[in-house]
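Here is the structure we will look at.
Here, each number is a calculation from the coordinates, and none is a lab measurement. Only a predicted model underlies this, so the values are computations on that prediction, with no experimental measurement involved. Every residue, glycine among them, receives a Cβ derived from its backbone with ideal geometry; neighbour counts consider all protein chains shown.
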Amino acid sequence: MTDLLLLFIGSILINNIVLSRFLGTCPFLGVSSKIKTATGMGVAVTFVITLASFISYIVYEYLLVPFELEYLYTIAFILVIASLVQFVELVIQKTSPVLYSALGIYLPLITTNCAVLGIVIINVNSKYTLLESVVNGFGTALGFTMAIVLLAGIRERIQSNNIPKAFKGFPILLITAGLMALAFLGFQGMIK
Amino acid sequence: MDITQIIIPTLLLGGIGLVLGLILGVAAKVFGIKVDEKITIVRDLLPGANCGACGYAGCDQLAKAIAEGKAPANACPVSSAASKEQIAQVMGVVADKTEKQVAFVKCNGTCEAAKDKYEYIGVKSCKQASLVPGGGQKSCGYGCLGFGDCVKACQFDAITIVDGIAVIDETKCTSCTQCVVACPKSIIEMVPASSSVRVRCNSLDAPKASKDNCSNACIGCKICIKQCPVDAITVENFLSHIDYSKCIQCGKCAEKCPTKCINIYE
């Protein structure tokens, strides 16, 4: 149990997917202009990564390993993730139009989000069990949500600041993201 | 090499794909919600360039807004009159005829007319050059820098840089306003396509400075105001403005303009 808790906290803070592993930076920079949309993206990513961790573990363990086709995991996972996102989109569209319109374009965008594929591959390479994979996926996704919401909060504040002309827009955003990554380095020694 | 090493992976991945495809197919049937037919029809009639000139995120969003009655049938500034009419028919309304607008570069400071203040060797982009002290290398601080940010912004190949300034091909211009947004000097303006007499200058400098900077500049002499029979011209901050709704395109102002900054377009 302690191991799972450590894995969970570690995946949020220490191995933060955006700020330590530098995966999923596209939505991190692209969808972080408002806290509201950032939260929407975070929720959608959490949902998809958790499900993808679960299903890709099953595909890997019960389809690829028996046939000794582990080397095909990248393409197999892309297949699984893409269809999963499509399926989730269909279901949400039918069952909860409110959630669907809130997530909007972000849902299909996750199909090509490298954070999802990245975490699934990390799960496999670290030889996690089913439970560990799901916990790691969920924690990582929460870490992603936290990072993107934090950045959105900072960006909303920056809006009203007096920034030198040359730093306006993306330059100041990249500097902010870089400083955040530096700050997260501070968690490195937390769990041995 | 054993042939099964190829066949098994192919079958397995194909199988996974097939199963997932079937699941998605079934899910689309089970969970599918009926989309308003009008949305698909209107979407097909829109140009599909996703340029955003209508103010919506893309053609899909505009089609939805038109079908729901939130946007008028002629909300797309890019599509042709014929397709606007078809959209209006689908929606059962009469399309308002809107005057076609074209982008117009309010600068004639060619390499010949407007000299450079200094040699600029930075990134070849108007946006970058305009950040340099003096607002770019051109002697006139209001003029076209000619690095072609608008050319890159134009999805319809309507802009070229001729003799150091941007020139718009009005037959290709679809009035999507992307170039207006891209120009850091804000010298591109949307004007009615039918207007033929236009002021080709954007300088707000005092007459002497304008003249020193560029031989084609408007010096605010107000001769055009006196020529105009319908009071369509005003001069503000040493720059002449033509009110296109009043202009009868007689061309008298262009005739008398001492610097020829008022031009007649065919």
Checklist outcome for this item: Here, the stretch A:43-92 modelled as identical Cα point scatterers in vacuum has Debye log10 I(q)/I(0) at q = 0.17, 0.18 Å⁻¹ of -0.51, -0.56
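Using only alpha carbon pairs under 8 Å that are at least six residues apart, calculate the relative contact order of chain B and give it in whole percent. Can you show the working numbers first?
Working: 436 pairs, mean separation 39.6, N = 266.
It comes to 15 percent, rounded to a whole number.
Tell me what chain B gives for mean residue ellipticity at 222 nm when only DSSP H runs of n ≥ 4 count, each as -39,500 (n - 2.57), the sum divided by the residue total, rounded to 500 deg cm²/dmol.
Values: 10 runs with 88 residues, N = 266.
Value at 222 nm, helices only: -9500 deg cm²/dmol.
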Next on the checklist: For A:K34, give me every one of the lysines with a C-alpha distance below 26 angstrom, ignoring sequence neighbours fewer than eight places off in its own chain.
Outcome noted: A:K165, A:K168, B:K64, B:K70, B:K127
Item to check | Whole-angstrom Cα spans of the stretch A:1-110 along principal axes, big to small | outcome: 45, 35, 28
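Which value, in nm² and rounded to one decimal, describes the direction-averaged projected area of the C-alpha convex hull of chain A? The partial results should precede the final answer.
On the way: hull surface 49.2 nm².
Value for chain A: 12.3 nm².
Where the convex hull is taken over the Cα atoms of the protein assembly as shown, what is its projected area averaged over directions, in nm²?
Working: hull surface 122.6 nm².
Average projection, Cα convex hull of the protein assembly as shown: 30.7 nm².
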Checklist entry - Between B:I7 and A:L99, what is the spin-label point distance in nm, taking each point 7 Å from the Cα along the Cα→C-beta axis? => result 4.4 nm
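Which helices pass in chain A if a helix is a full DSSP H run, must span at least 24 angstrom along its long axis by Cα, and must have mean Kyte-Doolittle hydropathy not below 1.6? Provide the component values of the computation, followed by the final result.
Values: long enough: A:35-59 (35 Å, 1.64); A:73-95 (32 Å, 1.63); A:130-159 (43 Å, 1.04).
Answer set is A:35-59, A:73-95.
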Next on the checklist: On the principal axes of its Cα set, how long, how wide and how thick is the stretch B:2-45? Give whole Å, largest value first.
Outcome noted: 55, 25, 6
Checklist entry - Between A:L5 and B:E112, what is the spin-label point distance in nm, taking each point 7 Å from the Cα along the Cα→C-beta axis? => result 8.2 nm
Item to check | Relative contact order of the stretch B:168-261, defined on C-alpha pairs under 8 angstrom at six or more residues apart (%) | outcome: 25 percent
Checklist entry - What whole-number value in cubic angstrom gives the convex hull volume per residue for the C-alpha atoms of the stretch B:98-164? => result 105 Å³
Item to check | Derived scalar couplings ³J(HN,Hα) [the stretch A:62-69; Karplus, 6.51 cos²θ - 1.76 cosθ + 1.60; whole Hz; x for Gly, Pro] | outcome: 9, 10, 7, 5, x, 8, 6, 10
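Give the Rg/Rh ratio for chain B, taking Rg as the radius of gyration of the Cα atoms and Rh as the Kirkwood radius, to two decimals.
Numbers: Rg = 26.1 Å, Rh = 22.1 Å.
Answer for chain B: 1.18.
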Item to check | For chain B, with +1 on Lys and Arg beta carbons and -1 on Asp and Glu, the positive-most of B:I242, B:L45, B:V151 along the dipole | outcome: B:I242
Checklist entry - How high is the FRET efficiency between B:Y244 and A:V65 when r is their beta carbon distance and R₀ equals 51 Å, given to the nearest 0.05? => result 0.10
Item to check | For the stretch A:111-189: span of alpha carbons on each principal axis (Å, largest first) | outcome: 50, 33, 17
Item to check | Compactness of the stretch B:174-262, expressed as Rg and Dmax over alpha-carbon positions, Å | outcome: 13.4, 38
Checklist outcome for this item: What the 5 Å binned alpha carbon P(r) of the stretch A:75-130 shows, as percent of pairs per bin from 0, is 4, 18, 24, 20, 15, 11, 6, 1
Checklist entry - Please report, for the Cα atoms of the stretch B:19-67, the Rg to one decimal and the Dmax as a whole number; what are they, in angstrom? => result 14.2, 42
Next on the checklist: At q = 0.19, 0.20, 0.25 Å⁻¹, what log₁₀ I(q)/I(0) does the stretch B:1-99 have when each alpha carbon counts as one equal point scatterer in the Debye sum?
Outcome noted: -0.85, -0.91, -1.20
Item to check | B:K29-A:F22 pseudo-label distance in nm [points 7 Å out on the Cα-to-Cβ vector] | outcome: 4.8 nm
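I'd like the per residue volume of the convex hull spanned by the Cα atoms of the stretch B:131-182, given in cubic angstrom.
Numbers: hull volume 4.2 nm³, N = 52.
Once divided by residue count, the hull of the stretch B:131-182 is 80 Å³.
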Checklist entry - To the nearest µm²/s, what D does Stokes-Einstein give for the stretch B:117-266 at 37 °C and 0.692 mPa s, using the Kirkwood radius over alpha carbon pairs as Rh? => result 202 µm²/s
Checklist outcome for this item: Assertion target for A:M180, A:M41, ordered by fewest C-beta neighbours within 10 angstrom first, is A:M180, A:M41
Checklist outcome for this item: Scan of chain B for trypsin sites (Lys or Arg not before Pro) in DSSP loops with at most 10 other beta-carbon atoms within 10 Å gives a longest site-free stretch of B:98-266
Checklist outcome for this item: Cα-Cα pairs in the stretch B:81-198 separated by more than 19 Å, as a whole percent of all pairs, come to 52 percent
